[in-house]
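Structure incoming, see below.
The values are calculated or read from the model by the stated rules, or taken from the named source; none is laboratory data. Bear in mind the structure is a predicted one, so any value in this text is a computation, not a measurement. Because the Cβ atoms are built from the backbone with ideal geometry, glycine has one as well, and the counts that use them run over all protein chains shown.
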Amino acid sequence: MIILFGLAGSGKSTQGQILAKKYGLVWLSVGQVLRDTGKFDKILEKGELVDDKEVVEIMNNKIQEIRKRGKDIILDGFPRDVAQAKMISDDLMGDVKKAIILDVPKDELLVRIMARGREDDTREAVERRFEVVEKNLKGILRELEKKKIKVKSVSGVGSIEMVTKRLERELFRGKVISTRRAQRQRVMRRAKRTV
């Protein structure tokens with residue numbers, strides 16, 4: 001499992017989806033998983049957060065389901081805060097090969113976000129969201145480091161293709177992702193062990 005972190009506008013969802021498609025991984029966004037349940041629509045529409053315990057339970061179940069299929073995962077937006085990071089089972093954390101932070105200067109993030117033109121994306125609101133995410137991220141990274149999970153920073157500046165290449169270099173360097181052929185071989189070995 002790989003965890004992608006980054007502030008709004010950093011491109012983590014875009015990059016997660018690209019890497020997932022290219023290497024046969026499953027991109028798992030906490031926001032998308034919660035929306036797919038249909039249970040939290042009113043909470044999400046108000047811009048409120050779903051209870052940590054519920055989020056962790058739903059995500060743990062989804063991750064287990066994907067693992068049973070022999071697939072590897074790119075997590076996007078999970079864990080969201082220190083409480084969630086502490087609640088994740090050691091079994092699941094043991095599968096995390098690396099956490100990557102897409103690093104983009106705030107000035108550039110503001111330009112990217114303002115270009116979306118959404119009403120709730122005022123400069124003040126975006127800067128407040130940045131503060132909350134940064135504070136949470138520091139605590140999450142401490143938890144991951146306690147669990148001996150490698151955390152790397154990769155520049156998210158440049159074209160989508162340039163950022164993808166940087167991520168691939170980082171992930172291949174640590175043999176975190178491999179070719180589809182190597183992944184198929186791993187699945188076959190797991191299947192043989194269970195027979």
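How many residues are of a type in the set (D, E), surrounded by 13 or more Cβ atoms within 10 Å (Cβ to Cβ) and outside any helix (DSSP H, G or I) if we restrict to the stretch 96-146?
2
State all residues of the stretch 39-48 that are without any contact (Cβ under 8 Å) to a residue 60 or more places away in the chain, of a type outside the set (K, R) and loosely packed, with under 13 Cβ neighbours inside 10 Å; if no residue qualifies, say none. Spell out the reasoning first.
Taking the stretch 39-48 first, the residues without any contact (Cβ under 8 Å) to a residue 60 or more places away in the chain are 39-46, 48.
Filter again for of a type outside the set (K, R), leaving 40-41, 43-45, 48.
Selection gives D41, E45, E48.
Across the stretch 1-35, which residue is modelled with the lowest pLDDT among those that are in a helix (DSSP H, G or I) and either loosely packed, with under 15 Cβ neighbours inside 10 Å or small (G, A, S) (or both)?
Kept after step one, since they are in a helix (DSSP H, G or I), are these residues of the stretch 1-35: 12-23, 30-35.
With the extra rule that they be either loosely packed, with under 15 Cβ neighbours inside 10 Å or small (G, A, S) (or both), the set shrinks to 13, 16, 20-22, 31-32, 35.
Working: S13: 94, G16: 96, A20: 96, K21: 95, K22: 94, G31: 86, Q32: 90, R35: 89.
Top of the filtered list is G31.
When only residues in the stretch 36-83 that are in a helix (DSSP H, G or I) and at pLDDT below 90 count, which is nearest to the chain's Cα centre (by Cα)?
From the stretch 36-83, those in a helix (DSSP H, G or I) are 36-37, 41-45, 52-68, 82-83; that's our starting set.
Subsequent filtering for residues that are at pLDDT below 90 retains 41-45.
Numbers: D41: 21, K42: 24, I43: 21, L44: 19, E45: 22 Å.
Among those residues, the one meeting the criterion is L44.
Next question, about the same structure. Looking at the stretch 1-25, which of its residues are without any contact (Cβ under 8 Å) to a residue 40 or more places away in the chain and in contact with a Leu (Cβ under 6 Å, 6 or more places away or on another chain)?
none
Please enumerate the residues belonging to the stretch 84-93 that are touching a residue at least 24 places away in the same chain (Cβ under 8 Å) and either in a loop (DSSP other than H, G, I, E, B) or not small (G, A, S) (or both).
Start the filter on the stretch 84-93 by keeping residues that are touching a residue at least 24 places away in the same chain (Cβ under 8 Å), which leaves 84-90, 92-93.
Within the stretch 84-93, Q84, K86, M87, I88, S89, D90, L92, M93 meet the criteria.
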